[in-house]
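The values are calculated or read from the model by the stated rules, or taken from the named source; none is laboratory data. This is a predicted model, so every value here is computed, not measured. Because the Cβ atoms are built from the backbone with ideal geometry, glycine has one as well, and the counts that use them run over all protein chains shown. Heavy atoms of the whole protein, side chains included, go into the accessibility calculation; ligands, DNA and RNA do not. Shrake-Rupley method; radii C 1.70, N 1.55, O 1.52, S 1.80 Å.
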Amino acid sequence: MTVQRAASSFRDPSGFIFERDGVLLRQVNHIYRAHYEQLMSSGLYDGLVRDHLMVSHQEVDDPGLQHTDGFRVLAPERVPFVSYPYEWCFSQLKEAALATLDIQARAVEHGMSLRDASAYNIQWVGGRPVLIDTLSFERLEEGAPWIAYRQFCQHFLAPLALMSNVDVRLAQLLRVHLDGIPLDLTAQLLPTRVRLRPSMQIHINAHAKSQQRHAAAQTKREDVKGRFSLRALQGLIDSLRGAVSGLEWEPGSHWLDYYEGDSYSDEGITAKERVVRGYLDELQPKVVWDLGSNTGRFSRIAAEVADVVVSFEADPAAVEANHRQIASSGSTAVLPLVMDLTNPSPGLGWANRERAALGERGPADVLLALALVHHLAIGNNVPLDRLAEDLSGLGDALVIEFVPKEDPKVQVLLGSREDIFGTYHEAGFEQAFERWFHIERRDRLTDSARTVYLMRRR
Amino acid sequence: MKRFLIRTGFVLHMSLLLSLLAIGPANAYIDPGSGSIIFQAVVGAGMAISITLKLYWRRIAKFFSRKP
């Protein structure tokens, strides 16, 4: 029996997450017992699980598992793929924020309150944001302020305000500031016209100034108990909901005509779809990673067979478009994420182990790498043998498209630089990849010099 | 009524703004926890008033939108 505690689960004395023989479990400690019992008996848990706002769990009848301070062990539903807020597009972060406020409003109705409003407690299941931290609730202390208000503003409101009003790429500040973007920094970055809006003035600007003013104070919420009525708490939730709802971001239109551009004719793209669909039918993967997915056209094809398709793309506008198509296409197995493959998410937080690097979250059953090789090999100078080796660490099988030098897209990449890529041709590509993979099939695409391969890891 | 609500919101907003203009520069060490708690105690009354007015307004609007 191997028991391993999750590297990210150490802050909360109420319990922790661990794995036993590959099964995900959560210990609830005695200190949290009263809160847990209220969560389960008040109807809050049932309502949240029914409406897909929280992961479900089973109580494990196995007292031998428990440590001395353990009260109960739960087996939570496992989320298909763990992602982080710095990998989400604008609408994903906004939906996660609104879900958090919905959960808090329901908790208040059931005499409870969220004591954490961390964006890391939200994960994506079936295209929806759900709360994964069962121990986030506490019994409502009437008259006391919302303890998670600061965290909500830093994890959700601040990045959304910056993405909406300054630049969508500022979401990457979350990668540096793991407890959310500091409010004084947000206030400095927001343009004055935005900062003067009532919602921003209150929750960002005045809030930041209050933090600075009382920095040396040692005020606990007991000290101001009685000064924050239940109505005030409801008003705060309503005000935050209004602030979040009022933030919008529309992606530019440059991605819209990507597939209609000069890369493929109609027959070409249909042929490529047929080839990829055929490979996936043969492979029958459960988990697919679509690397460089653009707006997710091939992710949705993969979702016809796979349970989970993680759709990685560096352009936040393309990820936004991909996410918006999930509702209309019904491909809820697809999880679009913002990921620059030349600099994927690293291990972050305490000991670099609180937030997992991309490579630690695999391997996938199948990697899709369509119209990608030239960006990595020529755009980013990654030698083909290195590329083959690194991809072999991420997935068991590979569906990959080779885009030769004569292709117009490669010509654009080579247009502004010296051609130092002597081995960048089909034979060189196959030689580099055969060291790490068995090449099982190759199909030349109609109307282009591109070839799609099916490979399996050696 | 709607104008009254907007005006009330504006007055609350301006008074908050004025009360916070006179704040000095940030300290190097910041404990944001206390400030967030004190801040809620300060704005709590305003939050309670605004949601109460909103709920009343909805009830009134609903009453008048009812078909005879």
- prompt: Looking at this structure, is A:HIS214 within 14 Å of another protein chain (Cβ to nearest Cβ), surrounded by fewer than 22 Cβ atoms within 10 Å (Cβ to Cβ) and free of Cβ contacts under 8 Å to residues at least 12 places away in the same chain?
  reply: yes
query: Where residues in the stretch B:27-53 are over 16 Å from A:ARG227 (Cβ atoms), within 7 Å of chain A (Cβ to nearest Cβ) and part of a helix (DSSP H, G or I), which of them is modelled with the lowest pLDDT?
result: B:PRO32
field: Breaking point among (1) more than 8 Å from chain B (Cβ to nearest Cβ); (2) in a helix (DSSP H, G or I); (3) open to solvent by less than 10 Å² (accessible area, probe 1.4 Å), for A:LEU185
entry: (3)
query: Out of all the residues in the stretch A:1-29, which are within 26 Å of A:ASP102 (Cβ to Cβ) and either part of a strand (DSSP E or B) or at pLDDT 95 or above (or both)?
result: A:GLY15, A:ILE17, A:LEU24, A:ARG26, A:VAL28
Per-region count, the stretch A:91-128, residues among the hydroxyl-bearing types (Ser, Thr, Tyr) and farther than 15 Å from A:TYR45 by Cα: 3
task: Please report, ordered by residue number, the strands (runs of 3 or more DSSP E) entirely within the stretch A:341-458 with at least 2 residues that are over 30 Å from A:SER8 (Cβ atoms).
output: A:395-402, A:437-444, A:451-457
query: Is it the case that A:VAL305 is at pLDDT 95 or above and either open to solvent by 30 Å² or more (accessible area, probe 1.4 Å) or out of contact with any helix residue (DSSP H, G or I) (no Cβ under 9 Å at 6 or more places or on another chain) (or both)?
result: yes
message: I'd like to check something: does the stretch A:248-262 contain any residue that is modelled with pLDDT of 90 or more, open to solvent by less than 10 Å² (accessible area, probe 1.4 Å) and touching a helix residue (DSSP H, G or I) at 6+ places or on another chain (Cβ under 9 Å)?
response: no
query: Among the residues of the stretch A:135-148, which ones are buried (at least 23 other Cβ atoms within 10 Å of the Cβ) and either more than 10 Å from A:LEU114 (Cα to Cα) or within 14 Å of chain B (Cβ to nearest Cβ) (or both)?
result: A:PRO145, A:TRP146
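Residue by residue, here is whether (1) outside any loop (DSSP other than H, G, I, E, B); (2) touching a residue at least 24 places away in the same chain (Cβ under 8 Å); (3) touching an Asp or Glu at 6+ places or on another chain (Cβ under 6 Å) holds:
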position	(1), (2), (3)
A:ILE31	yes, yes, no
A:ALA34	yes, yes, no
A:MET40	yes, no, no
A:PRO80	no, yes, no
